[in-house]
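The values are calculated or read from the model by the stated rules, or taken from the named source; none is laboratory data. All values derive from a computational prediction rather than experimental measurement. In this analysis, Cβ positions are derived from the backbone assuming ideal geometry, glycine residues included, and neighbour counts consider all displayed protein chains.
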Amino acid sequence: MTATFRIAAIPGDGICSLCRKGKAEQALQRMRELMGRLKLTVNEEKTRICKVPEGTFDFLGYTFGRVYSQTTGKARLGMWPSKKSIRRMVEKLHAMTATSMTWQEITQMVGKLNRTLRGWTNYFQVRTVSRAYRAIDSYTVARLRRWLRTKFKKRRQRGGGYPPSILYDRLGLVRLTWRGRDRSWAKA
């Protein structure tokens, strides 16, 4: 598995094809012919040949490329949430916890956050996700603390004024990091 290309036929849809070394150009030409027969257009901006594992490519919200085992240090092919999908999730969390949304009840806000976080993590629970989970988890905690301070007109304190025990245990915020090993949220 040394070369790949992606062809987007319809906005939002795509094809990722893997082929042997030296066969990528031939496979790409064959795919163009096939798409032409199906009367679908090839988006040339998104079409490219990528050598894996030297390079990486994004497909369906994941980045595919070389990852290293934390225990053995050996390289392998892997996938993880792409920067674009993490950025989109951060933007969604930012909009949900905007200061203009303080009119909502706390349970309503935490419920919306939990549904959003569960959906995202259920899609991205395949392979290497711990770094992305930590980033989303810490961002969610910071935004929820800010939202609570604004709602209750509290000044900023050391530690944010709302320790994790309040956010996770009392309010019921979903925990995405390794500390929440029970993963009962994944079934909900």
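Table for the structure above
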read-out: Considering residues of the stretch 89-108 that are over 17 Å from the mean Cα position of the chain (by Cα) and of a type in the set (Val, Ile, Thr) only, the residue nearest to Gly61 (Cα to Cα); value: Thr97
read-out: Residue that is farthest from Lys112 (Cα to Cα), among those in the stretch 65-85 that are assigned to a strand (DSSP E or B) and touching a residue at least 24 places away in the same chain (Cβ under 8 Å); value: Leu77
read-out: All positions within the stretch 50-61 that are touching a residue at least 40 places away in the same chain (Cβ under 8 Å) and either surrounded by 16 or more Cβ atoms within 10 Å (Cβ to Cβ) or part of a loop (DSSP other than H, G, I, E, B) (or both); value: Cys50, Val52, Phe57, Leu60, Gly61
read-out: Enumeration of residues in the stretch 36-83 that are under 20 Å from Leu18 (Cβ atoms) and among the β-branched types (Val, Ile, Thr); value: Val42, Thr47, Ile49, Val52, Thr56, Thr63, Val67
read-out: Selection from the stretch 81-108 of residues that are of a type in the set (Lys, Arg) and in contact with a strand residue (DSSP E or B) (Cβ under 9 Å, 6 or more places away or on another chain); value: Lys83, Lys84
read-out: Inter-residue pairs, beta-carbon under 7 Å, first more than 18 Å from Glu91 (Cβ to Cβ) and in the stretch 142-156, second part of a helix (DSSP H, G or I), 6+ apart; value: Arg145/Gly160; Arg145/Gly161; Arg149/Gly161; Thr150/Thr99; Lys154/Gly161; Arg156/Arg149
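Let's see how each residue does on (1) outside any helix (DSSP H, G or I); (2) at pLDDT 95 or above; (3) surrounded by 13 or more Cβ atoms within 10 Å (Cβ to Cβ); (4) not basic (Lys, Arg):
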| position | (1), (2), (3), (4) |
| --- | --- |
| Arg87 | no, yes, no, no |
| Ala95 | no, yes, no, yes |
| Ser100 | no, no, no, yes |
| Trp103 | yes, no, no, yes |
| Thr107 | no, no, no, yes |
| Trp120 | no, no, yes, yes |
| Gln125 | yes, no, no, yes |
